[in-house]
Structures are given as structure tokens and as C-alpha cells.
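The values are calculated or read from the model by the stated rules, or taken from the named source; none is laboratory data. For clarity, every value in this text was computed on a predicted model and none was experimentally measured. Glycine gets a Cβ as well: all are built from the backbone with ideal geometry, and neighbour counts include every protein chain shown. Note: accessible area is taken over every heavy atom of the protein model, side chains too, but ligands, DNA and RNA are not part of it. Shrake-Rupley method; radii C 1.70, N 1.55, O 1.52, S 1.80 Å.
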Amino acid sequence: MARRRPLNLVFGASGYIGGHLVPYLLAAGKRVRAVARDAASLERPGWETVERMSADALEPDTLDAVLKGVDTAYYLVHSMAAGADFGQLDLECADNFAAAAARAGVRRIVYLGGLIPEGARSEHLVSRKETGDRLRHGAVPVTEIRAGIIVGPGSAAFEVIRDLVGALPAMVTPRWVRARMPPIALDNLLEYLARIPEHEESAGRIYDAAGPEMLSYEELMRIYGEVVGRKTRIVPVPVLSPMLSSYWLGLVTTVPTPVARALIGGLAHDIPADPEPLRALVPQRLLDYRAAVSAALEAERRQAVAARWTEGALMYRNYRQDYAFYAKRSSGSASTTAAPGEAWQVIAAIGGKNRYYALDFLWTLRELADWFIGGPGFNRGRRHERELRVGDTVDSWRVIGLELERRLTLLFGMKAPGAGILEFELEPEGEGTRITATAYWHPKGAWGLLYWYPLAPFHGLIFSRMTEAIARRAESGADTPRLAAAEKG
């Protein structure tokens, strides 16, 4: 009887690196089990042969099942978005995971950390280092790979560069833009992660992963601009502190402020690396930064279609690479005693003669403005008054995602400097349902940001009122005829 191939666990598979590592391991012929807190986030094209499971490192009882039978476990989670206590949460997660891996008899843990500059005080970088230390306190041998700036679509550092170059023809920047670091192409990092477990001598070791160049953030922005055909004038000044810089980035880019703050915290000094031991162990052709940028943009073009909501997928940016990867967002929600199916009937009937259930005069004003500049604002109507399917138009919106009684995703069709998404989600809540409406806005440069900020306060009001009206309609049975929906497309 043939021996089964070793099983590789990607813990944190819905994250940036995990989402790329899973298909990379599959392409190398490896067995993969993907784990995230929400297993639904792992429903992706090409992952049909992947074992998909849910677990949370903060809930130890969920870990034994996902680690059973695992040979190599990739640990790719962090709690940076959790707020001020993320460092302590990371340590608790690491302790729980190391203990569960030992109980399951896992052969190796591979952990992706960050390059640590001399005298680093960044809470983010210190937490990454301490997480590796906690994993090593366990009984399972750990191999840690430390990387700095990763060049690939969706990488926070790369998206800050894209947003800044795309939005600002000139910028006054803090001195940290001249700190030097070794960027690494996403595919080069994935190759290191995929192959390092093959080497027994890597157990218990820490390796630096770096590309072939040491570049400043200023140089990274200039080279990116050259690749995409944009010139940006950069003037460093001494007055912007890292804290002020993070808020500034939150204003002029779409990268979430906690992520920007963590990123900047590691850029106060040069970030050296000692990449030779890893290069000797796992030889490969390393891309320089210019080639890595070109490869990232080409990879993004190849993966233009998404099976479900993935924030930066090109499909949700109207197939425009000059639109921001991350989105500004605004949402509102309401609870109803109605079942998800009853709330869905109301949501699926939106638009056309039903309009938008609340503050319709604001929608009419936006349609009027669009019509005035030659847009499709007054193209009202639907293919069917109760039935929806992917590809349908609803007034000036287009249905680009549909999961029956769970999620409806609409693409904004009016003229605007960016791409907009309106998404409705239904979640069971006790005996009723939580209804959430969220607007995602991928701006095109400075004009896209200037478009968003004045409208953002109105969005919160509109979506709160809209979801409340949908909740009350669902309870009253105002849309009682059964609504059909097709999920193909």
C-alpha cells in the first residue's frame, strides 16, 4: 500500500501569506490542510483538494482536530488588528498552538516573523520576535523565517507604495523614508517557506529572507513610479513622528491605520539582514525590486476573477490596477426577529420600483448628479422584480456576487473616481438575523479620496436607516412572495 504524502497545515490560510502559500504548496504536489477562524473564507477557486477547517488559537479546544496527522505546520497568524492588546494575544495564541502541536506529534512548525533592526522598539516587531520565542518554548522544533517588505499585491508595505505614488504627484514625508531595507518578492518568499521543511538541519534555526538589494522606502516609491509610468516628488522633513506619520498614511492611503502604524514602527532605522545561510540552504533566482514589482502587477492581472469577496481582487476594483487594493469602508446594521430567508426576500427585491427602503431622496440626488455628467444614474429597473442572479443589473448597480440567504454583492455603476461595492450580509442571531450593509470604496488616487471623505458621514446614516427598514419589512412580511435567486455565474 502506497504511503500517503505528508500533510502540511497552513494555519492562518485566509491571511495574505497564507492565501498565497496554499496554492503554492498545491502546485508543488503537497497535501494541504487550510485553517482559518471562518472556514467560509477558504472557499476559493483551485482549493477543491484542500482540507478546509476552522479553528481559533485563542480557543485551545479547537486546535487538536486541525493538527491531527500534520507533519509540518505553518504558523501565519497575528493579532495586530485586535488593538492595543495584540502583543499579549499573540503570545497566548503561540502558547496554545505550540502545546497542541506537541500533543498531535507535529514534526515541525514553520513560523514567518519579521526582520528585527538593532534596538527595535516597535511593538509590532517586538511582538513578532516574542511570538517566535514562545513557539520555540514548546516541544516541536521551530524554523523561523524573518522577512521585511514583501513585494506582492496585498502586502501592506507594497500597497502603501502603490497608494502614495498613485495619489500624490508630490509628497512631504518623514525622515524614515530614507531608512534602508531588503525587499523580497512574494514568490521568492513562498519558495523559501515551501522548501525549508525539507531540510532537517533547519530545525530550531532562524533565517533572514531578503532580496538582492538594500533600498530605502524613497527608492522603492521612485522605482515603483517608473514601472507604472508615474513621477512623484519626495521631500523628506524631520517634523513628522512615526505616530503622526501613521495617521497621515491613514488619511492618504487605504491601508488600515493599525497596519500602517505597525509598518512605520519598523522603519525608524535601517533594517539589515543576513540572508546567506538561507540562500545556501534553498538556492533560487532572486528577483530585484523592479522585477518583483512587474511580477506582482502581472500576477494581479492573471488572478482577476474572484469566487467570493476578496477585498483587493481586481474584479472588485473594476479591473483597474491604479485603483487602491484596500478599501475605505462604511457600514450599518440592524437586528430582526425575522429568519434569514425572510430578510433575504427584502434584500433581493432592492432597487427598481422598491428603491432603497430609506432616504431615497439622497439616492435620487446622486443619480441626478451622475446623469448631469453623462452617467447612467437614471437607468432604473431590474430584469425581474423578485429574482436575482450574478450579472443582473439593479438600476445602475451590477450583481457580482450572490450567496442565497447569506450575501449579496453589488458593483457601483455610476461615474466616480474609483470602484464601489455595496454588500449585504445576513448572519443568524439567536432566533433572528443580523443584517449588515457595507460600502467598500477603492479610490483612484487623490480624487478618489476627495470623493470619499465628504460622503462617508452620509454613508453611515444611509446604511443604518436602510438595514433598519429592511429588518422591519422582513418582520412585517411586506415582501412575502417567495423570491428565487440563482447562484451560478
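Tabulated values for the structure
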| quantity | calculated |
| --- | --- |
| Helices (runs of 4 or more DSSP H) completely within the stretch 123-227 that count 3 or more residues being of a type in the set (Lys, Arg) and open to solvent by 10 Å² or more (accessible area, probe 1.4 Å) | 123-136 |
| Considering residues of the stretch 88-120 that are over 26 Å from Asp208 (Cβ atoms) and over 29 Å from the mean Cα position of the chain (by Cα) only, the residue most open to solvent (accessible area, probe 1.4 Å) | Arg103 |
| Conditions (1) in a helix (DSSP H, G or I); (2) touching a residue at least 40 places away in the same chain (Cβ under 8 Å): number failed by Gly375 | (1) |
| Cβ-Cβ under 7 Å pairs, at least 6 apart or on other chains, the stretch 62-75 side more than 22 Å from Arg195 (Cα to Cα) and without any contact (Cβ under 8 Å) to a residue 12 or more places away in the chain, far side surrounded by fewer than 22 Cβ atoms within 10 Å (Cβ to Cβ) and not hydrophobic (A, V, I, L, M, F, W, C) | Thr62/Asp56 |
| Residue match in the stretch 328-348 (condition: of a type in the set (Val, Ile, Thr), crowded, with 19+ Cβ neighbours inside 10 Å and in contact with a Phe, Trp or Tyr (Cβ under 9 Å, 6 or more places away or on another chain)) | yes |
| Any hit, the stretch 352-361, residues being assigned to a strand (DSSP E or B), at pLDDT 90 or above and in contact with a strand residue (DSSP E or B) (Cβ under 7 Å, 6 or more places away or on another chain) | no |
| Unique match (being without any contact (Cβ under 8 Å) to a residue 60 or more places away in the chain and surrounded by fewer than 15 Cβ atoms within 10 Å (Cβ to Cβ)) among Ala55, Ala34, Ala39, Ala27 | Ala27 |
